[in-house]
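Everything on this sheet refers to the single structure shown next.
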Amino acid sequence: MRKLTLTALIGILLLTFMGCEAEVAIEKVETITSVEVQNPIEGSLTNETVIVGKLQASNSAVAVASIMGAEEIMAVNYEVGDYVEKGDVIVVLDSESSEDQVENARLSYMTARRNYEAVKESLASAQTNLERTQKLFDSGVVSQQQLDGAKLQASTGQLKTVESQMLQAKFAYENAQESVDQTVVEAPISGIISTLNFEENNMATSQNSLIITDLETLKIDLEVTEDVINRLTSDSKALVTFETVEFDKSAEIVFVNPVADQRTGLYKISLSLDNAEMSLKPGMFARVKLLFENTQVFLIPIDAVLSEDGQAYIYVVTDNKPMKQIVELGEDDGEIVEILSGITIENLVIVKGQNYISEETDIQVVTGGN
């Protein structure tokens, strides 16, 4: 076996040391990740959205036959679909039965009142007798039993009972009088008769009713996403069209619920629609185009956006280091996405290489920027 000379041994050690340095240098190069960056672009993908909704009546009112018993329907002056003004007499009832009830209620009230007056007068006499008996008792002329009997006679318990009976009879009498006034059923508001549960020559009770619907102003309730609700402002417009009716008016946004429905996660908004020409009917489907204020947001490639635990974020270059930045997303078209908040126009957004880095990664920007 040949022995290594000292020179050869030193040479081998030098080669080994140089190889290690080269390997370390290679490792350092391999930890630097090349990325491409660009600045966000101001703009927006869309300034409108279209939603389908159904027309509804914004105002309706119910009128009932407020009678105590049953009355014959003498006349029905209108039909379902007729337009009526507030105060128009729609139904006329026979008042004979109600008038009989009024008279019976009046007699009951008068009887209860006379009974009250009689008990009240008797009580006054009993209280006078009690005062006299108390003096005789104090003088030792009458017994304790006689005094207790006088106190019982002067008790106000019976008077309170008959007074309550009288007030109840009075209340029934007044209600009966009002029922006579309700033998005509009037329109509570102006509008179209949408429901009418009265028919001539039949009997009516307090269960019979009619509904008047105001069609001059209609409403549309819509449910929108959080992106739409964030874009709506007091200046937002809504254009409404129909397939079967020519209509070229805008609708007013009258209600915006800032709290999402817990079941759907959507937000409710309501639109008010003028229908003075009566060309629109509740139940029609409307195509609503919501026009947003021309607010500028930022646009970046959608591939630059990453997600962790359901939260969207991007990497931006700060002092030559990648920094994670939480962002709020808007609309996207599959390639470009709107960033509603979280970045500025000066940010350098990493658009390539972002999938292979973290905030600890050394990076090299190879291209990009505006």
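The values are calculated or read from the model by the stated rules, or taken from the named source; none is laboratory data. Since the structure is predicted, the reported quantities are computational estimates derived from the model, not experimental observations. Here Cβ is always computed from backbone atoms with ideal geometry, including for glycine, and neighbour counts include all displayed protein chains.
Among the residues making up segment 289-320, those that are within 35 Å of the chain's Cα centre (by Cα) and in a loop (DSSP other than H, G, I, E, B) are F292, E293, N294, T295, Q296, V305, D309, G310. From the list D261, D221, which one is loosely packed, with under 15 Cβ neighbours inside 10 Å, within 20 Å of the chain's Cα centre (by Cα) and under 28 Å from V80 (Cα atoms)? Of D261, D221, the one residue that is loosely packed, with under 15 Cβ neighbours inside 10 Å, within 20 Å of the chain's Cα centre (by Cα) and under 28 Å from V80 (Cα atoms) is D221. Yes or no: E243 among the acidic types (D, E), assigned to a loop (DSSP other than H, G, I, E, B) and at pLDDT below 90? So E243 fits the description; yes. Counting the residues of segment 210-247 that are in contact with a Ser or Thr (Cβ under 7 Å, 6 or more places away or on another chain) and of a type in the set (S, T, N, Q) gives 2. Count of segment 148-168 residues, restricted to those that are modelled with pLDDT under 80 and in a helix (DSSP H, G or I), is 1.
Residues that are outside any strand (DSSP E or B) and of a type outside the set (G, A, S) were ranked within segment 321-343; the one that is farthest from the chain's Cα centre (by Cα) is E335.
Checking E277, E308, E243 one by one, the residue that is exposed (fewer than 12 other Cβ atoms within 10 Å of the Cβ) and assigned by TED's automatic domain parsing to the domain that holds I326 is E308 and no other.
To keep it simple, each residue is scored yes or no on (1) without any contact (Cβ under 8 Å) to a residue 60 or more places away in the chain; (2) surrounded by 14 or more Cβ atoms within 10 Å (Cβ to Cβ).
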site	(1), (2)
V162	yes, yes
M166	yes, yes
A187	no, yes
T195	no, no
S206	no, yes
S209	no, yes
I212	no, yes
S234	yes, no
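In this structure, F292 does not satisfy being surrounded by fewer than 17 Cβ atoms within 10 Å (Cβ to Cβ) and of a type in the set (F, W, Y).
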